[in-house]
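The structure under discussion appears below in the form of structure tokens.
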Amino acid sequence: MKIKRLICILFIGLLNPIYTYAQSDSSHQLPQIMIKGLRFSGFHTGSFLQNIGLENSAVQLNQSIHQVLSLHSGIYIKNGGPSLLASSATRGSTAQQTSTVWCGIPIESPMLGQTDLSMLPSFLFDGMGILYGAQSSLFGSGNIGGTIQLNHSNQIKRGLHAELLIGMGSFEEYNQGVKLAYAGNKMSAQLKVLNQYARNNFDYEIKGLGSQLMQHANVKQTALMQEFNYTPNRFHSFDFKIWLQQNNRLLPDLIGASKDNAIQNNQFARTIFTYKFNKGNYQLQSRTALFNEYFDYSSITTSLTKTRFVQLSQGLDQTWSFQKHRILLSGQLLAINGFTDNYSAEKSYIQPSVLGTIQSNWWNHKLETQINIRKQWYNQKGIPLIPGFGYKWQIKNWVALSGNIALGFRMPTLNDLYWNPGGNQNLNPEQSKSYETGIIIKHKQLQIRLNAYNRTCTNQITWMANSNGLWYAENTNEVEVNGLELIWQLEKKWSEFQFVFRGQHDYCLALNKDQKSTSTFNKQMMYVPKLKHLVQFEIIHGNYKLQYIHQYVGQRFYTSDNSEALPDYQIGNVFLQKQLNLRILKGLAFQFGIMNCWNQQYQNILNRPMPGRQLNLTINYQF
């Protein structure tokens, strides 16, 4: 009955006119692109927003989202190999503490509380917005470390256009993609279809055994995204998106483990309907979403396990813009129904929430402040108010200070509560307090940003093994995180050459402050590197573009007492792109890439080898 009632509420929500106010951000962009779908896009005062454009970039069109984030952001990607789960760790957070949203709607699994970023093809999207730091007061549960937003461009050229993508690479990797787009006076439509396959049969080294061949690591992926937009006049706009995808992959065994032949199949259908209204200083937007997702898992030691969930969401955002102030009032209703063979029965919950935000400009727009207050409920149980405050002070034209203070929270997942055995229905939400300050310097072609942050997290949910070897969920850890981020970019022109230098350097100290165990107290959290460096160098000359990306990741402990660690590693990546300027083939571009060009042998997760040197060729044709 709850679900039926919710469907009626969602249907009524479609009748409400709404729109969210959007403005461009002055933060680090790589490269700049006009993006639509960023929820609360103007309301991130004091936070570090990094925009990554994916449109018309052969370097990224052939990659998944986790590869793009690894090469172009400060997020640490924990990935066990090409055919395995890829999760994010933002500013020392767990994977469940960084949320991934598509057009303003969270897409992480309510069973696991995280998104497999390796299963998100960048070909389907036009850009990403990464908000670092606690964003729970804006986006709700799970946004403690940061928020990854997947979005689409509002720049579709008039007329009919098409784009073809063909990619091939080492380890029997093949990719084919098609984009068809049409834009008229009042209507536009876009279709994207992608097919990917990789055998992932790479060589890796085992100490004492020599070279081995990765087996049982095939991945096949088929995806379709259809977008429709109708704008009858300047006041109203209707937008509909549907995203269908099927993922099939064979999961390789751990080094030294017995053969298990694990197989995972996943299918989902995600739809979003958006209605916008804009008149004068009033903007309103309504988003209604329905997600259906299925997982099947089987292996030699595990019988077939089936998992499914349905997610219904209705969001309403209203914005009033005045000369010095902007006011946002927002409400959202989220309903989840899920089942897996490890639950005793179907499980569901409802999360209504309300948000109020006021953004103000003072002293002739030299100082901007923002206050957020969120109230959320979970199955009729209230969560304490979640406030947030941010500021940006433009001291001079070339220098500014920014910062924020925010509380955060994460609700337990369905698995945390109901998994049999080990689920714990008495779990409390994780809670966090975050502080951040930064300085932004812009001088001619040089941009520098330095951020310092502190976060404490209590009631962190951990799965632990008891004396009988059975795993169970418990609120245990208290974690304190302190860190520094340095982001810079320099552009220079010499004759007909353009040089671009970029860097992002991260120091993160994430310590376990739970004093129940002296062996783990004040120790670095597992799989959180203290040091991470990312340096990019580009040379552009005419229709040629040469890019080198160098990554350094420090050691990561895989034991809670820090007695054992994976060594640090460095990876180099080279890309050469050529855009043809012929009359017949004007939109044809070639890109050749060498990933891990120094053939570094390394592991992100213990006993999960990563591939060595990889060659990749991408052909992109737009007409």
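The values are calculated or read from the model by the stated rules, or taken from the named source; none is laboratory data. This one's a predicted model, so the numbers in the text were calculated from it and none came from an experiment. Virtual Cβ from ideal backbone geometry, glycine too; neighbours counted across all protein chains shown. Ligands, DNA and RNA are stripped out before the accessible areas are found, and what is left, the full protein with its side chains, is counted by its heavy atoms. Shrake-Rupley method; radii C 1.70, N 1.55, O 1.52, S 1.80 Å.
Here the strands (runs of 3 or more DSSP E) wholly within segment 145-216 that include at least 1 residues being surrounded by 17 or more Cβ atoms within 10 Å (Cβ to Cβ) and of a type outside the set (Lys, Arg) are 146-151, 159-169, 173-183, 187-198, 203-206. Do we find that Leu585 is in a loop (DSSP other than H, G, I, E, B) and either open to solvent by 20 Å² or more (accessible area, probe 1.4 Å) or touching a strand residue (DSSP E or B) at 6+ places or on another chain (Cβ under 8 Å) (or both) in this structure? When the stated conditions are applied, Leu585 passes them.
Selection of segment 500-521 for residues being modelled with pLDDT of 95 or more and open to solvent by 50 Å² or more (accessible area, probe 1.4 Å) yields Phe501, Tyr507.
Take Gly612 and tell me if it is small (Gly, Ala, Ser), open to solvent by less than 60 Å² (accessible area, probe 1.4 Å) and not in a loop (DSSP other than H, G, I, E, B). Answer is no for this residue. Taking the criterion of being open to solvent by less than 40 Å² (accessible area, probe 1.4 Å) and closer than 21 Å to Asp260 by Cα, the only residue of segment 219-241 that qualifies is Val219.
Of all the residues in segment 417-442, those that are within 23 Å of Ala473 (Cβ to Cβ) and open to solvent by less than 60 Å² (accessible area, probe 1.4 Å) number 9. Output yes when any residue across segment 342-351 is of a type in the set (D, E, K, R) and more than 24 Å from the chain's Cα centre (by Cα), and no when none is. Within segment 342-351 (the criterion being of a type in the set (D, E, K, R) and more than 24 Å from the chain's Cα centre (by Cα)), the answer is yes, since at least one residue qualifies.
Every condition in (1) at pLDDT 95 or above; (2) open to solvent by less than 60 Å² (accessible area, probe 1.4 Å) is met by Gln332 except one, and the failing one is (1). Note on segment 277-298: residues that are in contact with a Phe, Trp or Tyr (Cβ under 8 Å, 6 or more places away or on another chain), over 15 Å from Trp320 (Cβ atoms) and open to solvent by 50 Å² or more (accessible area, probe 1.4 Å) total 1.
From the list Asn397, Asn372, Asn364, the lone residue that is open to solvent by less than 70 Å² (accessible area, probe 1.4 Å) and among the polar types (S, T, N, Q) is Asn372.
Per-residue answers, yes or no, for (1) in contact with a Leu (Cβ under 9 Å, 6 or more places away or on another chain); (2) in a strand (DSSP E or B):
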{"site": "Lys532", "(1), (2)": "no, yes"}
{"site": "Val535", "(1), (2)": "no, yes"}
{"site": "Ile540", "(1), (2)": "yes, yes"}
{"site": "Lys545", "(1), (2)": "yes, yes"}
{"site": "Tyr548", "(1), (2)": "no, yes"}
{"site": "Gln551", "(1), (2)": "yes, yes"}
{"site": "Ser560", "(1), (2)": "no, no"}
{"site": "Ser563", "(1), (2)": "no, no"}
{"site": "Gly572", "(1), (2)": "no, yes"}
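Of the helices (runs of 4 or more DSSP H) lying entirely inside segment 1-99, those carrying at least 2 residues that are of a type in the set (Val, Ile, Thr), modelled with pLDDT of 50 or more and surrounded by 19 or more Cβ atoms within 10 Å (Cβ to Cβ) are 65-72. For Val553, the conditions (1) of a type in the set (Val, Ile, Thr); (2) in contact (Cβ under 8 Å) with a residue 60 or more places away in the chain; (3) farther than 30 Å from Asn522 by Cβ; (4) in contact with a Lys or Arg (Cβ under 7 Å, 6 or more places away or on another chain) all hold with the exception of (3). Answer yes or no as to whether Ile386 is assigned to a strand (DSSP E or B) and surrounded by fewer than 20 Cβ atoms within 10 Å (Cβ to Cβ). No, not satisfied.
Residues that are under 24 Å from the mean Cα position of the chain (by Cα), within 30 Å of Leu582 (Cβ to Cβ), surrounded by 15 or more Cβ atoms within 10 Å (Cβ to Cβ) and polar (S, T, N, Q) do occur in segment 526-536.
Scanning segment 481-498 for residues being of a type in the set (D, E, K, R) and open to solvent by less than 60 Å² (accessible area, probe 1.4 Å) gives a total of 1. Could you grab me the full set of residues in segment 467-480 that are within 22 Å of Ser563 (Cα to Cα), open to solvent by less than 50 Å² (accessible area, probe 1.4 Å) and under 26 Å from the mean Cα position of the chain (by Cα)? Correct list: Asn477, Val479.
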